[in-house]
Amino acid sequence: MPRVFIKTVFHNIRFKCLRCGTCCHHKRPEEFGDLVPLERLKEFWEKSNLIYMTAKDIENISRESGLEPCDFVDTLYGYGGKIVHVDDSGKRIILDFPVMKSKADTTCVFYDNGCTIYSVRPKACRLFPFRVEEETTQQGDIILNISCNKSCPGINKGKIADKKSLEKLVVQQFQERSESVATEVRILAQEGKISSDARVYRSHPGRKLQSDSI
Ligand code: SF4
Ligand code: SF4
């Protein structure tokens, strides 16, 4: 079993949300197609601004808003609670993590001069402007690097960010996501659906179709 470590890539950073709404505008960089190879993931994260959701986030929003997941969730494949897909005779493993849909003007479908689902907003929104970049060591261990998105005007304002609360959210998000991925990969491998030379990609959902309303 790989070990998981958390590393905070900043020291005593101050933050106060100025409610400017910048983080509710989602960026989908056009130079990336539907699939993002892992070696370009860092570049993708730097250029994009997508809100990734766990199954628990989706369940909470659905219950609170009365909407179906298909009304606010974007995935490359149809969303049915499954994250791992294989393609090209098992040579491509695609991790299709669900992201929040955006309107045509790139704002979140729940943005209307502020967040309309604030009490159940996804963990990624609670974390922002902090974000997690996963790194795998040569030994196969996983490092969750918590960095921050410098585009947020609330950085260096207000109080020192509470690292303990950030780490708690990151652990929760990682556990909710990785448990389902590990189970799905194990089943696909047992069924012989993954080739020994398979490459892993992340999806870039919602690139072509962006809805105007929910
Ligand atoms: S970009 Fe920063 S300051 Fe603006 S709403 Fe988001 S978290 Fe708050
Ligand atoms: S869920 Fe709320 S906080 Fe998150 S991106 Fe949408 S409007 Fe913004």
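Entry remark, the range 179-188: residues being free of Cβ contacts under 8 Å to residues at least 60 places away in the same chain and either part of a strand (DSSP E or B) or surrounded by 14 or more Cβ atoms within 10 Å (Cβ to Cβ) (or both) number 0 in total. Of all the residues in the range 71-124, those that are within 19 Å of T183 (Cα to Cα), aliphatic (A, V, I, L, M) and out of contact with any Lys or Arg (no Cβ under 6 Å at 6 or more places or on another chain) number 4. Take V132 and decide whether it is modelled with pLDDT of 85 or more and assigned to a strand (DSSP E or B). For V132, the condition - modelled with pLDDT of 85 or more and assigned to a strand (DSSP E or B) - is met. Any idea which residue in the range 122-168 is nearest to ligand 1 (Cβ to nearest atom), counting only those that are among the hydroxyl-bearing types (S, T, Y) and surrounded by fewer than 15 Cβ atoms within 10 Å (Cβ to Cβ)? Applying the filter and picking the extreme gives S151.
The numbered conditions (1) buried (at least 20 other Cβ atoms within 10 Å of the Cβ); (2) more than 24 Å from P153 (Cα to Cα) are all true for G81 except (1).
Within the range 155-167, no residue that is free of Cβ contacts under 8 Å to residues at least 40 places away in the same chain sits with its Cβ atom under 9 Å from a residue that is of a type in the set (F, W, Y) and in a loop (DSSP other than H, G, I, E, B) at 6+ positions apart or across chains. Please go through the range 30-47 and give me each residue that is closer than 19 Å to N149 by Cβ and in contact (Cβ under 8 Å) with a residue 24 or more places away in the chain, ordered by number. If the condition is that a residue be closer than 19 Å to N149 by Cβ and in contact (Cβ under 8 Å) with a residue 24 or more places away in the chain, then F32, V36, L41, K42, F44, W45 are the ones that fit.
The values are calculated or read from the model by the stated rules, or taken from the named source; none is laboratory data. In this text, all values refer to a predicted model and were calculated from it rather than measured experimentally. When we count neighbours, we look across all protein chains shown, and the Cβ atoms used for this are built from the backbone with ideal geometry, even at glycine.
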